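> Got a structure for you, written out below as structure tokens; questions coming shortly.
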Amino acid sequence: MTYMDMLGRRSIILKRNIGHLIIKDNRQGLSAQESNFYQNMIKEWHQNECELNSVRKQP
């Protein structure tokens, strides 16, 4: 598995987990701990996407 494959897989996992938390938030709301976890996952996903884009731009 290459680094790019690993970043792509991580992005998929983060998006799926973020989606589950969005659904939970819409249904019943999130606790403070879940909200903090959700925000950290968003930051991780954004950082992961930036790394993935920089790897794609390299020759």
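The values are calculated or read from the model by the stated rules, or taken from the named source; none is laboratory data. Quantities reported herein were computed from a predicted structural model and do not represent experimental measurements. FYI the Cβ positions are ideal-geometry reconstructions off the backbone, even for glycines, and counts take in every protein chain you see. The area values use the complete protein model at the heavy-atom level, side chains included, leaving out ligands, DNA and RNA. Shrake-Rupley method; radii C 1.70, N 1.55, O 1.52, S 1.80 Å.
> In bins 10 Å wide, starting from 0, what share of all Cα pairs of the chain does each bin hold, as a percent?
P(r) over the chain, rounded to whole percents: 22, 44, 22, 10, 1.
> Rank these by accessible area, largest first, 1.4 Å probe: LYS57, LYS15, LYS43. Write down the numbers at each step before the final one.
Details: LYS57 170, LYS15 110, LYS43 135 Å².
Order by accessible area, largest first: LYS57, LYS43, LYS15.
> Taking only protein heavy atoms and a 1.4 Å probe, what accessible area per residue, in Å², does segment 1-49 have with all protein chains in place?
Details: 3740 Å² over 49 residues.
Spelled out: the 1.4 Å probe surface of segment 1-49, per residue, equals 76 Å².
> How much of the accessible area of the chain, probe 1.4 Å, is carbon plus sulfur, in whole percent? Write down the numbers at each step before the final one.
Numbers: 2480 of 4640 Å².
The computed percentage sits at 53.
> Further question on the same structure: Which net charge results when you count Lys and Arg as +1 and Asp and Glu as -1 among the other residues whose beta-carbon is under 12 Å from that of GLU44?
Working: positive: ARG10, LYS15, LYS43; negative: GLU49, GLU51.
Local charge sum for GLU44: +1.
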